[in-house]
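Have a look at the structure below, then the notes.
What follows is calculated from the coordinates using simple rules that are stated; it is not laboratory data. These figures come from a predicted structure and were not determined experimentally. We place every Cβ from the backbone using ideal geometry, glycine too, and count neighbours over all the protein chains shown.
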Amino acid sequence: MMILKVSDLAVNYGAIKAVKGVSFEINEGEIVSLIGANGAGKTTILKTISGLLKPVEGTISYFGKDLKHKKASHIVAEGISHVPEGRHIFPGMSVKENLQLGAFLQKDRTQVKELFTEVYSQFPILRQREDQDAATLSGGEQQMLAIGRALMSKPKLLLLDEPSMGLAPIFINKIFEIIKAIKNRGTTVLLIEQNAKKALSIADRGYVLATGEIKMEGTGAQLLASPAVQKAYLGG
Ligand code: ATP
C-alpha cells in the first residue's frame, strides 16, 4: 500500500527554485532514500512534506489524502514525524524531558508509559541517561535521542534528515542499524543522506536528486551498482 505520493512538487525560496517538479512515492514498510549532493533540495523536500514549507506547485498525498494544505501540527498528528538535520534536541532538558516532548499529542498516561518502554527498549543508553541533561550526551547519543523523540509520537512515516552527519564512524554504523530496526518494527522511513553508500545499502528503493530534480531511481542495490551513481556519489 502506498503511504506517500509526491507529484510534480516545486518549492521556491523567493526567486530560488530549490525543488523543480519532483515526483516519488513510498510504500508502507519501505526504507526509501533520497540521495544527492549538498544543496540538491533534499532538506527542502522533507520540510515541505512535514508542512514547514509550502510548495508552489504539485501535490503530496498521504494514504490518498491531500497533505499540502495541512498545518505541521496536523501532519504530526496524522503520523508523520520529522527528525531535522542537526537534531534540535533541547540541551538544557533531561533525556526524559526531551522524550516526553515527543509524546505531546498523547494525553493518556498509560500510553505515554508504553511509548517510553518501547523507545527505551530500542535505545537502552537513553534509559541509562534519562536524568542527564541532553547536552551531556555524545553526538551519536544525541542523534538517538532525536530519533527516539520522533518515535514517541508513534509515527507511521519517519522522515530522517542526514542522521549520520557529524558522527564518528562507529556511531554511523549504529545509526544505520537503528534505522533498519525501526523499519523491522513496522515504521516506514524516508531517509535523506549525503552518505549515499550507507543509505542505499539499507534502502529498499532510492532516488537521486540533483539541482532540485530527480535524475535516477531504482532499488538500493541497483543504484549502488550504477556506474553513474558510483562516479558522482560513491567516490568510485
Ligand atoms: P543540504 O544537505 O545542504 O541540506 P539539501 O540537498 O538538503 O542540502 P536544501 O537545503 O534543500 O538542499 O537546499 C536546496 C537549495 O535551496 C539550495 O540551493 C539552497 O541554497 C537553497 N536554500 C535552502 N534553504 C534556503 C533558504 N532558507 N533561503 C534561500 N535559499 C535556500
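Within the range 209-229, how many residues turn out to be within 16 Å of the ligand (Cβ to nearest atom) and part of a strand (DSSP E or B)? Here the count works out to 6.
Restricting K5, K20, K42, K54 to those that are over 14 Å from the mean Cα position of the chain (by Cα) and in contact (Cβ under 8 Å) with a residue 60 or more places away in the chain reduces the list to K20. Under the condition of being surrounded by 23 or more Cβ atoms within 10 Å (Cβ to Cβ), farther than 18 Å from G51 by Cα and within 16 Å of the ligand (Cβ to nearest atom), the residues counted in the range 148-163 number 1. Output yes when any residue across the range 170-188 is closer than 15 Å to I26 by Cα and within 16 Å of the ligand (Cβ to nearest atom), and no when none is. Within the range 170-188 (the criterion being closer than 15 Å to I26 by Cα and within 16 Å of the ligand (Cβ to nearest atom)), the answer is no, since none of the residues qualifies. Look at (1) free of Cβ contacts under 8 Å to residues at least 60 places away in the same chain; (2) outside any loop (DSSP other than H, G, I, E, B); (3) of a type outside the set (D, E); (4) closer than 23 Å to G41 by Cβ and you find that L190 fails only one, number (1). Being touching a helix residue (DSSP H, G or I) at 6+ places or on another chain (Cβ under 9 Å) and more than 9 Å from the ligand (Cβ to nearest atom) holds for only one residue in E30, E25, E57, and it is E30. When K5 is tested against the conditions (1) of a type in the set (K, R); (2) part of a strand (DSSP E or B); (3) within 16 Å of the ligand (Cβ to nearest atom); (4) under 25 Å from G220 (Cβ atoms), the lone failure is (3). With respect to S94, is the statement that it is surrounded by fewer than 21 Cβ atoms within 10 Å (Cβ to Cβ), without any contact (Cβ under 8 Å) to a residue 24 or more places away in the chain, more than 12 Å from the ligand (Cβ to nearest atom) and of a type in the set (S, T, N, Q) true? For S94, the condition - surrounded by fewer than 21 Cβ atoms within 10 Å (Cβ to Cβ), without any contact (Cβ under 8 Å) to a residue 24 or more places away in the chain, more than 12 Å from the ligand (Cβ to nearest atom) and of a type in the set (S, T, N, Q) - is not met. When E30 is tested against (1) surrounded by fewer than 16 Cβ atoms within 10 Å (Cβ to Cβ); (2) under 15 Å from the mean Cα position of the chain (by Cα), just one condition goes unmet, and that condition is (1). Screening the candidates E217, E162 for the property of being acidic (D, E), in contact (Cβ under 8 Å) with a residue 60 or more places away in the chain and within 30 Å of A103 (Cβ to Cβ) yields one hit, E162.
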